[in-house]
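The values are calculated or read from the model by the stated rules, or taken from the named source; none is laboratory data. All values reported here derive from a predicted model rather than from experimental measurement. A quick note on method: Cβ atoms are made from the backbone with ideal geometry, for glycine too, and the neighbour counts reach across all protein chains shown.
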Amino acid sequence: MGLLTRATALVGAVVAAAVIAGCGGSVADADRREPVATAPRPQTPFCAAAEANVEAIRPLNELLARGVVPPDELADTTAAVRSAGAAMVEAAPNEIRADVERTVRALDMQLDVLIANGGDAAAMNRDPELAAGLSSPEFAGAGDRVRAYVERTCTTTTATRR
């Protein structure tokens, strides 16, 4: 699997949900009634933690995209990602907690390989233990279920039609 793709996909769902919720209609919708924004849903602690996780992973991806990764920046950035993941697990509702734990554990496995290889993102694709772990039944589907949960419950606004 590519550069933190499972983790990015998991938490990227928060961003996708926000974008989808905020998108307007097409030209064909011009004759429809104007949408009226209602009060935003109160953000749950889990949704806030999922957003924070997205924000923590973004700098890591940017750092790795540069190629040469200074060890101190790698250590600081991965620590922030691990902390955000732990906060997500802590805030996870019981109905999704086990899948969040699995997904964060998968991310931790990727970070371990990344750190052990001095920030070489390609090492994650070459590591047979990582590949076997990520494709194990324990992790199968966990990211998809978390992503679906986030899409269902973590939208930031709702709209009604007048």
Cβ pairs under 9 Å, 6+ apart, first in the stretch 54-75 and in contact (Cβ under 8 Å) with a residue 24 or more places away in the chain, second of a type in the set (Lys, Arg) and surrounded by 14 or more Cβ atoms within 10 Å (Cβ to Cβ) = Ala56/Arg82
On the given criteria, is Ser136 at pLDDT below 90 and either buried (at least 18 other Cβ atoms within 10 Å of the Cβ) or at negative phi (or both)?
-> yes
Hey, among Met124, Met109, which residue is touching a residue at least 60 places away in the same chain (Cβ under 8 Å) and more than 19 Å from Ala148 (Cβ to Cβ)?
-> Met124
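One line per residue, one yes/no per condition, for (1) on the phi > 0 side of the Ramachandran plot; (2) under 13 Å from the mean Cα position of the chain (by Cα); (3) modelled with pLDDT of 95 or more:
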| residue | (1), (2), (3) |
| --- | --- |
| Leu60 | no, yes, no |
| Ala65 | no, no, no |
| Glu73 | no, no, no |
| Arg82 | no, yes, yes |
| Pro93 | no, no, yes |
| Arg97 | no, no, yes |
| Val100 | no, yes, yes |
| Val104 | no, yes, yes |
| Gly119 | yes, no, no |
For Ser135, work out the one condition from (1) closer than 23 Å to Phe46 by Cβ; (2) free of Cβ contacts under 8 Å to residues at least 12 places away in the same chain; (3) among the small types (Gly, Ala, Ser) it doesn't fulfil.
-> (1)
Any residue in the stretch 31-45 that is at pLDDT 95 or above, under 19 Å from the mean Cα position of the chain (by Cα) and either surrounded by 10 or more Cβ atoms within 10 Å (Cβ to Cβ) or not in a strand (DSSP E or B) (or both)?
-> yes
